[in-house]
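The values are calculated or read from the model by the stated rules, or taken from the named source; none is laboratory data. Only a predicted model underlies this, so the values are computations on that prediction, with no experimental measurement involved. Neighbour counts run over all protein chains shown; Cβ positions are idealised from the backbone, glycine included.
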Amino acid sequence: MKGNERGFGFALRVCATLLAGVCGLASQAAAAGGAHADLGPASGSSVSGTVVFASLAGGVRLDIKLTGLTPGVHGFHIHEAGDCSAADASSAKGHFNPGNKPHGNHAGDLPDLVADASGAVQMSATVSGLTLDDGPTGILGRALIIHADPDDHVSQPSGKSGKRVACGVVKAD
């Protein structure tokens, strides 16, 4: 009987080791894979759309498709909290800034968006220094915010980019 118990214990350890390996691979695949944020309106706007994220060596690629913006330039940022529950998206808190750098040069600063005459944006951008995980530079679970006005990339703490007109949470695919 003891031999069978030892065999069962060995089999259990092998299964546990295999399961841990599979879970680790799944976690690595999620980190190396993609993510997306479905953006919805805030502050009475009609903005909606999707941003698709892909991991790259040293950064993240964003593929952006939006409608409902006013024509022109809009500030675009990653915010600390993945919470879009407030009508004005203030629940997303301040800009994501893990390096505690001044505005215009921190991780939460994304390239400005330029909406065409119909209020649509379709563009791609590559941002270095970000990762698709929940680590120190990770953006999973954080909010993506579009602002009403252009970002001057100088004024502290938010670049005078105006009210928040859209919000979405970055989620792993």
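Taking each residue of segment 51-78 that is surrounded by fewer than 18 Cβ atoms within 10 Å (Cβ to Cβ) and looking for partners that are charged (D, E, K, R) and in a loop (DSSP other than H, G, I, E, B) with beta-carbon atoms closer than 7 Å, six or more apart or interchain, yields PRO71/ASP116; VAL73/ASP112.
The rows are residues; the columns are (1) under 13 Å from the mean Cα position of the chain (by Cα); (2) at pLDDT 95 or above; (3) within 20 Å of LEU39 (Cα to Cα); (4) not assigned by TED's automatic domain parsing to the domain that holds THR67.
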residue	(1), (2), (3), (4)
LYS101	no, no, no, no
HIS106	no, no, no, no
LEU130	yes, no, yes, no
ALA143	yes, yes, yes, no
ALA148	no, no, yes, no
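A single entry from ALA16, ALA54 fulfils the requirement of being modelled with pLDDT of 95 or more and outside any loop (DSSP other than H, G, I, E, B): ALA54.
Counting the residues of segment 131-155 that are part of a strand (DSSP E or B) and within 17 Å of GLY75 (Cβ to Cβ) gives 5.
If you go through segment 71-130 and keep only what is of a type in the set (A, V, I, L, M, F, W, C), closer than 17 Å to GLY141 by Cα and in a strand (DSSP E or B), you end up with PHE76, ILE78.
Is there a residue in segment 84-105 that is in contact with a helix residue (DSSP H, G or I) (Cβ under 9 Å, 6 or more places away or on another chain) and surrounded by 17 or more Cβ atoms within 10 Å (Cβ to Cβ)? Break it down stepwise before answering.
Let us first name the residues in segment 84-105 that are in contact with a helix residue (DSSP H, G or I) (Cβ under 9 Å, 6 or more places away or on another chain), namely 84-86.
Cutting the leftovers down to surrounded by 17 or more Cβ atoms within 10 Å (Cβ to Cβ) gives us 84.
Yes, segment 84-105 contains at least one residue that is in contact with a helix residue (DSSP H, G or I) (Cβ under 9 Å, 6 or more places away or on another chain) and surrounded by 17 or more Cβ atoms within 10 Å (Cβ to Cβ).
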